[in-house]
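The values are calculated or read from the model by the stated rules, or taken from the named source; none is laboratory data. Predicted, not measured: the structure shown is a model, and the values here were computed from it. Here the Cβ is made from the backbone with ideal geometry for all residues, glycine too, and neighbour counts use every protein chain on show.
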């Protein structure tokens, strides 16, 4: 997909044609926008000028080919004197701005009362700064088109709502030492990432532990392990080297995941030791 300056700066992203629900929502929003514009007798070109965007982009949004940004709907509501009807669509639009996989993860994390996560490739997405995640995603090959990169970053940032929830869920992370040493994005980006981790360590419902590189004989050598637990007692988890990497929810499978995670957590530095270790790394970086 080719990307030019206009596609990045204009209000929204393209709709994934395989996302049936997303297509339905954006098509409905576009239809309502067009009906409102025509009802007040405003041409697409004039409307575009009034909201600060091109005529072509107006047509894309009205035809359901483009996902509008929240500020676009706010401005459209004002220009078309819609009395809040268009602005009210922001909630539905916000839910489909990101890929289905991201939306599903946000929904699960939004319901979880406990999260357990071990990672050995990079800092967990929930703990990443925006510039760190941008550098990390930008290192993919083939390189992501700019519009897709922006959407991926925004999608990951949307997951950080979990930290504002009340009551707050219990969040446990075990990070491999190497993920804290690799200078993704450069030294300055890494330093700010380490400082962010130190800030997260201060949250009462967040525990961050570091697995020293010299502790190699633990059950996480096969890759990531993640478990999300819910208020009704159910849970879902996954691990890279088991069950084909697919999410699992059967008690027997979850018991294995929790056994592995418990062993990993026991081998890692304690939260207090980990905070001191990260602080030391920051001083050395």
Selected residue (only one of 47, 72 is modelled with pLDDT of 90 or more, part of a helix (DSSP H, G or I) and within 30 Å of residue 125 (Cα to Cα)): 72
Selection from the range 167-178 of residues that are touching a helix residue (DSSP H, G or I) at 6+ places or on another chain (Cβ under 9 Å) and part of a helix (DSSP H, G or I): 177
Qualifying residues in the range 134-183 (those that are touching a strand residue (DSSP E or B) at 6+ places or on another chain (Cβ under 7 Å) and over 29 Å from residue 204 (Cα atoms)) - the one surrounded by the fewest Cβ atoms within 10 Å (Cβ to Cβ): 147
Filter pass, residue 108 being assigned to a helix (DSSP H, G or I) and in contact (Cβ under 8 Å) with a residue 24 or more places away in the chain: yes
Residue in the range 91-102 that is buried (at least 19 other Cβ atoms within 10 Å of the Cβ) and either free of Cβ contacts under 8 Å to residues at least 40 places away in the same chain or assigned to a helix (DSSP H, G or I) (or both) present: yes
Top-ranked residue in the range 50-63 [being out of contact with any strand residue (DSSP E or B) (no Cβ under 7 Å at 6 or more places or on another chain) and either in a helix (DSSP H, G or I) or not assigned by TED's automatic domain parsing to the domain that holds residue 78 (or both); ranked as surrounded by the most Cβ atoms within 10 Å (Cβ to Cβ)]: 58
Residues of the range 184-209 satisfying the condition of being farther than 16 Å from residue 125 by Cα and either touching a strand residue (DSSP E or B) at 6+ places or on another chain (Cβ under 7 Å) or surrounded by 14 or more Cβ atoms within 10 Å (Cβ to Cβ) (or both): 191, 205
The one condition in (1) at pLDDT 85 or above; (2) assigned to a helix (DSSP H, G or I); (3) over 23 Å from residue 165 (Cα atoms) that residue 88 fails to fulfil: (3)
Residue 275 vs. criteria loosely packed, with under 14 Cβ neighbours inside 10 Å, within 27 Å of residue 165 (Cβ to Cβ) and touching a helix residue (DSSP H, G or I) at 6+ places or on another chain (Cβ under 9 Å): no
Residues located in the range 153-196, provided they are in contact (Cβ under 8 Å) with a residue 24 or more places away in the chain and either at positive phi or under 15 Å from the mean Cα position of the chain (by Cα) (or both): 154, 155, 156, 157, 158, 159, 160, 161, 162, 163, 185, 186
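Of the residues 242, 223, which single one is surrounded by 12 or more Cβ atoms within 10 Å (Cβ to Cβ) and in contact (Cβ under 8 Å) with a residue 40 or more places away in the chain? Can you show your working first?
Working: 242 fails: in contact (Cβ under 8 Å) with a residue 40 or more places away in the chain.
Sole residue among the options that is surrounded by 12 or more Cβ atoms within 10 Å (Cβ to Cβ) and in contact (Cβ under 8 Å) with a residue 40 or more places away in the chain: 223.
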Of all residues making up the range 111-121, the number that are crowded, with 19+ Cβ neighbours inside 10 Å and in a loop (DSSP other than H, G, I, E, B): 1
Any hit, the range 31-44, residues being on the phi > 0 side of the Ramachandran plot and not assigned by TED's automatic domain parsing to the domain that holds residue 236: yes
